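Everything below concerns the one structure shown next.
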Amino acid sequence: MGKPMQVARYWRHFKEKYRLIGGKCKSCGHVHFPKRPVCPECGSQEIEEFQFSGKGKVLSWTIIRNPPSGYEYYKPYPIALVELEEGPVILAQLTDVDPEEIDFGMEVEMVTRKIREFGEDGIILYGYKFRPLLK
Amino acid sequence: MRKPVIIGVGLTPVGEHWKLGLRDLAVEALLNAMEDAGVDKVDSLYVGNMASGSFVEQENLGALIADWAGLGNIPAVKIEGACASGGAAVQEGVKAVMSGLEDVVAVVGVEKMTDAWPSDATRYLAYAADAEWELFHGVSFVALNALAMRLYMKEYGYTEEDLALFAVNAHANGAKNPYAMFKKVIKVETVMRSPYIADPLKLFDASPIADGAAAVIITTEEKAKEFVDKAKMIKVAGMGRAIDTISLANRKDLLLLKAAKIAAERAYKMAGIGVEDIDFFEVHDAFTVMAALSLESIGAAERGKGAMLAKEGQIAIDGDYPIQTLGGLKARGHPVGATGVYQTVEAVWQLRGEAPNQVPDAEVGLTQNIGGTGSNITVTILRRV
Ligand SMILES: [Zn+2]
């Protein structure tokens, strides 16, 4: 258990997880991530794709010391709520960072990283993580 | 509509039941409740359970438990709302009685968690979060609550020690409950010395993984007279439930349990009372920060003042807002899908005047059961007949 191998389950979300494409309501202009079929603000079903810049700041964070099975490899690892510059909040791992450096409001940017692997013969999952903004 | 009353309760101690399986626990609690109510058959069974398929590879709990409890060919199904499964099952049972479709209904909440490895249990619990947008990133349930805890402390200026007071209170009360998992009084230092599991959340900010089952028998006020004396009848005066975004990140207000607020408003309206009429609160303290947010969302404290109630000593048995009177999730234990039914049983004890840690002259009690990170919440108000 806990070893889903169905590749389709993951490639379905490549747009969101590799490129940070979310949704924008054509009716009220609300942007959200991930893209939804119904606008959470006005209920419109006219939603188009929206490309996020990938820049944001840390709202809250934690260091995971007892991970769910399948994620032991990175332990301990930081996870944060990041407020994207366009407004929505996204949950992701922080990377390339010393846990001591993380703070409220820290500026971060999206990078693509390995999220998880399923052993030697299994698939490898990639997706977004956020690192301190390179200046 | 017909007036629903609870006429029987039953339960097993919460703990690590190595010798008992899911069906043993559920059947024991259920038969105890039927005996307490003096009924030998029921019209239907509702089972509150979150993740039996993951924990013990068993679904179809309605058939399993009704069959093994000898209830015959009655209708029986499992009700799932993550950790609020128990609260939701109680409410489904009440609805069935109120509607007139069923006269005597049994509800059992059960979870068997210790048959799984701890890291797998952590994973199964995270199934209540959003699989694609939360669990995918390696988040645990504890971590989601830790994100809220850090924000709460920053927003309102509380310390880890302040929140630890909720755990201290829960243990003080749990120490008097023979069915509690931890019957040990603790101090703030005990919480502070425990290791971080997801900073700033420590082991003693969190409720334990546990096994257990609790059950109630519900019927109408009219029908109840056939089985028990008035002193044993406890009225279900109000109830409500609501959902919120499944992902924490998608909340507009990360520190408002909006689903609890809406559920509580519905329950108060149905009962025709307000928070000032409630004598005690069994809120969902799966994590210390959730106890604070729960008190705020159900109207017992203003926004940001939930933890003040703990600092002022108002959450103790003799305070104005007693909570977790039998130990809460933290000390009684949190067999997830069973918890809402345990809360109901404990509220019934208080209202019957039978609680080992009795709130003096308790007339009205409120239970609040949270599923997910505040995504699925039930509030139920019970009162003496
Ligand atoms: Zn819209």
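The values are calculated or read from the model by the stated rules, or taken from the named source; none is laboratory data. Not measured: the values here are computed from a predicted model. Cβ coordinates were reconstructed from backbone atoms using ideal geometry, including for glycine residues, and neighbour counts include every protein chain displayed. The protein model used for the area step is the full one, side chains on, heavy atoms only, and it has no ligands, DNA or RNA in it. Shrake-Rupley method; radii C 1.70, N 1.55, O 1.52, S 1.80 Å.
When A:105, A:29, A:22 are checked against the criterion of being within 14 Å of chain B (Cβ to nearest Cβ) and within 16 Å of the ligand (Cβ to nearest atom), A:22 stands alone in meeting it.
The selection criterion, being under 25 Å from residue B:313 (Cβ atoms), within 13 Å of chain A (Cβ to nearest Cβ) and touching a residue at least 60 places away in the same chain (Cβ under 8 Å), does not hold for residue B:181. Set side by side, the residues A:100, A:120, A:86 differ, and just one is open to solvent by 40 Å² or more (accessible area, probe 1.4 Å), touching a Phe, Trp or Tyr at 6+ places or on another chain (Cβ under 7 Å) and not in a strand (DSSP E or B), which is A:86. Somewhere in the range A:63-80, is a residue modelled with pLDDT of 95 or more and within 16 Å of the ligand (Cβ to nearest atom)? Within the range A:63-80, none of the residues are modelled with pLDDT of 95 or more and within 16 Å of the ligand (Cβ to nearest atom). Search the range A:123-135 for residues being of a type in the set (A, V, I, L, M, F, W, C) and in contact (Cβ under 8 Å) with a residue 40 or more places away in the chain, and hand back the single one that is surrounded by the most Cβ atoms within 10 Å (Cβ to Cβ). Looking at residues that are of a type in the set (A, V, I, L, M, F, W, C) and in contact (Cβ under 8 Å) with a residue 40 or more places away in the chain, I get A:130.
Scanning the range A:5-12 turns up at least one residue that is more than 16 Å from the ligand (Cβ to nearest atom), facing chain B (nearest Cβ under 10 Å) and more than 16 Å from the chain's Cα centre (by Cα). Among the candidates A:69, A:27, the residue that is among the hydroxyl-bearing types (Ser, Thr, Tyr), under 21 Å from residue B:142 (Cα atoms) and in a loop (DSSP other than H, G, I, E, B) is uniquely A:69.
The condition of being closer than 15 Å to residue B:379 by Cα and open to solvent by 10 Å² or more (accessible area, probe 1.4 Å) holds for only one of B:312, B:296, that being B:296.
The residues in the range B:315-352 that are aromatic (Phe, Trp, Tyr) and open to solvent by less than 10 Å² (accessible area, probe 1.4 Å) can be counted, and the count is 1. Within the range A:44-76, the set of residues being over 22 Å from residue A:106 (Cα atoms) and open to solvent by less than 40 Å² (accessible area, probe 1.4 Å) comprises A:44, A:47, A:67, A:68, A:69, A:70, A:71.
Determine whether residue A:34 is within 16 Å of the ligand (Cβ to nearest atom), at pLDDT 95 or above and buried (at least 18 other Cβ atoms within 10 Å of the Cβ). Yes; evaluated as a whole, the condition is true for this residue. Quick one: would you say residue A:53 is in contact with a Ser or Thr (Cβ under 7 Å, 6 or more places away or on another chain), more than 19 Å from residue A:115 (Cα to Cα) and either more than 9 Å from every other protein chain (Cβ to nearest Cβ) or away from the ligand (no atom under 16 Å from the Cβ) (or both)? Considered against the rule, which asks whether it is in contact with a Ser or Thr (Cβ under 7 Å, 6 or more places away or on another chain), more than 19 Å from residue A:115 (Cα to Cα) and either more than 9 Å from every other protein chain (Cβ to nearest Cβ) or away from the ligand (no atom under 16 Å from the Cβ) (or both), residue A:53 comes out as no.
Of all residues in the range A:21-69, those satisfying the criterion of being within 13 Å of residue A:86 (Cβ to Cβ), in contact with a strand residue (DSSP E or B) (Cβ under 8 Å, 6 or more places away or on another chain) and small (Gly, Ala, Ser) are A:22, A:23, A:53, A:54, A:56. A count restricted to the range B:93-144 and to residues that are within 14 Å of chain A (Cβ to nearest Cβ), open to solvent by 20 Å² or more (accessible area, probe 1.4 Å) and among the charged types (D, E, K, R) stands at 4. Taking residues in the range A:15-27 that are within 13 Å of residue B:133 (Cβ to Cβ), and partners anywhere that are among the charged types (D, E, K, R) and more than 16 Å from the ligand (Cβ to nearest atom), the pairs with Cβ atoms closer than 8 Å and at least 6 places apart or on different chains are A:22/A:16.
When the residues of the range B:145-161 are filtered to those that are open to solvent by less than 30 Å² (accessible area, probe 1.4 Å) and within 8 Å of another protein chain (Cβ to nearest Cβ), the one that is nearest to residue A:79 (Cα to Cα) is B:147.
For the range B:101-148, enumerate the residues that are small (Gly, Ala, Ser) and within 16 Å of residue A:67 (Cα to Cα).
The first filter runs over the range B:101-148 and keeps only residues small (Gly, Ala, Ser), leaving B:106, B:109, B:116, B:119, B:121, B:126, B:128-129, B:131, B:138, B:140, B:143, B:146, B:148.
Answer for the range B:101-148, where residues must be small (Gly, Ala, Ser) and within 16 Å of residue A:67 (Cα to Cα): B:116, B:119, B:121, B:126, B:128, B:129, B:131, B:138, B:140, B:143, B:146.
Among the residues of the range A:37-50, the ones that are away from chain B (no Cβ under 14 Å), acidic (Asp, Glu) and within 12 Å of the ligand (Cβ to nearest atom) come to 2 in all.
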